[in-house]
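The values are calculated or read from the model by the stated rules, or taken from the named source; none is laboratory data. Remember, it's a predicted structure, so these values are computed and weren't measured experimentally. Heads up, the Cβs are rebuilt from the backbone with ideal geometry, glycines too, and the neighbour counts pull from every protein chain shown.
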Amino acid sequence: MDKRTTDIVAYLTWIGFLIAILSGDKEASKFHLNQALVIMLFGLLSIIPCVGYVWGIVVLVFWVMGLISAINGEEKEVPVIGKIKLIK
Amino acid sequence: MKKMKYIRMDTVFFCMGWVVLLPSVLIGFWFAASGYQQIGDLFACRFMEICKFPCPGCGGTRAVYYLFSGDFRKSFLYHPCVIIGLLEYLCFMITYVFRNYLSKKTLVKEVRISYYMYIFIGVILLQWILKLIYYFN
C-alpha cells in the first residue's frame with residue numbers, strides 16, 4: 001500500500017488500523033498511524049455511560065478531522081489529543 | 001498517479017450538520033413529549049453511582065429535555081454545553097453559508113472546526129469544575 005492509502009485505511013476502525021500497520025508503508029505514514037491509534041484509544045472511553053456520550057461526539061469530530069486530513073494528504077494534528085505521540 | 005480533489009473540512013461538517021439536523025430535532029421533541037421519567041432513567045450516570053460525585057456529562061439528558069420543552073434557563077443551568085453546542089452549530093452553519101454563498105469575496109476562507117471544539121471542551125471542563133466546587137461545599 002502506498003502512503004496515502006495507508007493513511008486513510010488506518011482510520012477505518014481497529015481492523016483497518018491493523019491492516020495499515022501490518023501491510024502499509026509504516027515509515028512514511030507514521031503520523032497518521034499514530035493519530036488514528038490515539039483517536040481510537042480515546043474513542044474507547046465513550047463506552048462509559050453519561051460522560052462517554054459527550055466524549056464520543058468530541059472523538060467523532062476528531063476522527064472525521066483526521067480522516068479528511070489523511071484523504072487530502074496533509075499532516076494536520078487534531079485539536080487537544082493530536083500532540084500525543086505513541087508510535088515513535 | 002491521478003491527483004485527488006481537495007476535500008474541505010468545513011464542507012464535510014456542513015453536510016454532516018444537515019444530516020443530523022432532522023433526526024436530532026425529531027428525537028428531541030419525542031423525548032420532550034414522552035416525559036423525562038420514561039427515558040431519562042436509561043441515561044442515569046453510572047459514574048455518579050460509583051464515585052458519588054458528578055461527572056463532566058451529568059445533567060446533559062435533563063438539559064436536552066428542558067431545551068426541547070422550551071425551558072432554556074433550566075437547560076443552561078443543568079448543562080450549559082447543550083445550549084452552547086446548539087449555538088456553535090448555528091454559528092458554524094450560518095458562517096459557512098455566509099462565506100460560501102452570500103459573501104462577494106472570491107477566495108473563501110475555511111471555517112475552523114478546531115476553535116469550536118476548544119470552546120466546547122473548555123465549557124465542559126469549566127462547568128464540571130464549578131459543579132464540583134458547588135457539590136463539595
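Considering (1) at pLDDT 85 or above; (2) within 30 Å of A:PRO49 (Cβ to Cβ), say which one B:PHE98 fails and leave the rest.
Just one mismatch for B:PHE98, condition (2).
Output the helices (runs of 4 or more DSSP H) that fall wholly within chain A and possess 2 or more residues being at the interface with chain B (Cβ under 9 Å from one of its Cβ atoms) and farther than 22 Å from B:ASP10 by Cα, or say none.
So the answer is A:51-71.
Restricting attention to the stretch B:29-82, and to residues there that are assigned to a loop (DSSP other than H, G, I, E, B) and more than 13 Å from every other protein chain (Cβ to nearest Cβ), which single residue is farthest from B:LEU125 (Cα to Cα)?
Looking at residues that are assigned to a loop (DSSP other than H, G, I, E, B) and more than 13 Å from every other protein chain (Cβ to nearest Cβ), I get B:GLY35.
Working only within the stretch B:1-39, note down all residues that are more than 22 Å from B:TYR116 (Cα to Cα), modelled with pLDDT of 85 or more and touching a helix residue (DSSP H, G or I) at 6+ places or on another chain (Cβ under 8 Å).
B:GLY28, B:PHE29, B:PHE31, B:ALA32
Could you list, ordered by first residue, the pairs with Cβ atoms under 8 Å in which the first is in the stretch B:55-68 and under 14 Å from A:ILE48 (Cα atoms) and the second is polar (S, T, N, Q) and modelled with pLDDT of 85 or more, at least 6 apart or interchain?
B:PRO56/B:GLN127
State the number of residues belonging to the stretch A:14-51 that are under 12 Å from the mean Cα position of the chain (by Cα) and within 23 Å of B:HIS79 (Cβ to Cβ).
Total satisfying the criteria: 2.
Does B:VAL111 count as touching a residue at least 12 places away in the same chain (Cβ under 8 Å), aliphatic (A, V, I, L, M) and over 28 Å from B:GLY59 (Cβ atoms)?
For B:VAL111, the condition - touching a residue at least 12 places away in the same chain (Cβ under 8 Å), aliphatic (A, V, I, L, M) and over 28 Å from B:GLY59 (Cβ atoms) - is met.
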